[in-house]
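These notes are about the structure you will find just below.
The values are calculated or read from the model by the stated rules, or taken from the named source; none is laboratory data. Note that the structure is a prediction, hence the values are computed from the model and not measured. All Cβ positions, even for glycine, are placed from backbone atoms using ideal geometry, and neighbour counts span all protein chains on display. With ligands, DNA and RNA removed, areas are computed over all heavy atoms of the protein, side chains included. Shrake-Rupley method; radii C 1.70, N 1.55, O 1.52, S 1.80 Å.
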Amino acid sequence: MGIFQPYTYKQRSILILLPLMMLAICTWALSPATSPGLDASQREVLLLTARIFFPGLFVIAVAMVVPAFDRVFQLATVTTVYVLSLMLLPAHLPEILDSPIVCVLMAVSSLLALFPYDSMEEDGFSNHTRRMIVTLFFVAGLPLSTMISVSFIVRQIDVFVLYTMEGTFGDGLLSVIYVPLYILLQSLGMHDMLGNLVSVSYHSRMVTSFVNTVIVCNIFALPATIFFRSLFTRSHVKLFLTLLVVICIMTSSIGTCVSLTLLLLLIFFPGAFGALLITGMCCFLLSYYMQIPAITTVENLYLPDLNYNEARSFFSMDNSNFGVLVGFAVLLPCVIIELSMVLKRDSILDRRRKLRNIATGYALNANSSPELVLLAWLRALGGISNISDVEEDGSWLYIQVVNMDLVSQTTLNSLVPNKMLIDSVNKLYLCDVGDQSRFLHQRLSKFIENNYAQGENEVPLSTPFKIEPMPYIHDNGS
């Protein structure tokens, strides 16, 4: 298993959740109810320090999980980008210090330029220098591009909200669009503007539905979405998402933690994030038609944290309509994710079935014999002699080859039910093959042990005999 050690970083993904938990503990410890003797100005400074420090620790944890060609250079890079963004952006966006999610995005984007590369590219001073110049260029360019992209998206959303807040959007059911916009902006840590405009321009009934939907989505729908999505993932991701659900429930009132959780969902599980947005729109309509009273006011809605002082009295009331809204917020994302997974699985199987018939030349299907499937795998991997090692890890199959040029990636993709990972440094193919992993591992391992390109029992050569001239040749010569 030595060649598969680079993939132990997947188990370290739980480190990402540690800064979120530490930020939550620090926020609870600095609350007026927990530390009443602390001066208000000191509490504000300590809270601001925690909101800046722990997202930076989150960035470092992400860097520790992602592989890189130089770990020290990687950590120094993400730390420098995060600190510089904190120094430069507040001059234009002072509110960014309360929830520095954009700074987190800028620092994490620089990791894309630090992925490991083939050792062949390091040979020679000129190649190494060229590689470092390109790396430094992308280290500087990717955070800048991220900031420009986020600024452009937020600016367009601001313009859309300013032009549509009045008239039919602000007073009609078309205002349902502001709920997913708020959740999207909250995942970027820039939702203050929309919350302020809602309190000014919204109709009172719309404000109530808007506030109820945001709170219900963050407290109930978000952990339900993450938990149900974890049921359709692999083992190491399932553990990560399960712990994220626990932290999401415990930190639902802390704006920065909610924003980081939404950001993780947006980047790594965009389908689940879309399900959350659809759930928010449906909950808005349900809250509007059922006329559910306001849980809290807009002034207490994630600026930057959620104020539970008024919400506690609401939760203690016997409100059956609110229970219906919560049940709807929990069940709807589960239904959406289930339907999307079924449709995705059917479409993938149908597409791969067609690719198998075209690329491999064999009409493979669910009823195909294992030997035919094995033959297709050998053909896709470039033959028996091109396979150097095979390992099994649950449903995963790790295959190391001798020459990657001999591997037909298109054919191999058609044989793998799920997405395949490729490590060009170690010449590894990581394939999630499901129930076929044990069979393929056993058969491919036997082929490697008994490589037919080399004979096991060598036939010794016969003893050479001495060739001497015939006697009559000597007679004629004399």
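The alpha-carbon atoms of the range 200-272 define a convex hull whose volume equals 100 cubic angstrom per residue. Each residue of the range 252-268 was assigned a 3J(HN,Hα) from its phi angle through the Karplus expression (A = 6.51, B = -1.76, C = 1.60, θ = phi - 60°), giving 5, 9, 9, x, 5, 5, 5, 5, 5, 5, 5, 5, 4, 5, 5, 7, 9 Hz with x at Gly and Pro. Computing FRET efficiency as 1/(1 + (r/R0)^6) for Thr34 and Ser445, where r is the C-beta to C-beta distance and R0 is 56 Å, gives about 0.45.
Subtracting the Cα-Cα distance of Gln42 and Leu93 from their residue separation scaled by 0.36 nm leaves 16.0 nm.
Its Cα gyration tensor gives the range 11-158 an equivalent ellipsoid, and the semi-axes of that ellipsoid, as √(5λ) in whole Å with the largest first, are 34, 19, 12. Computed over protein heavy atoms with a 1.4 Å probe, the carbon and sulfur contribution to the accessible area of the range 45-108 reaches 80%.
Across all directions, the average projected area of the convex hull around the alpha carbons of the range 374-452 is 4.5 nm².
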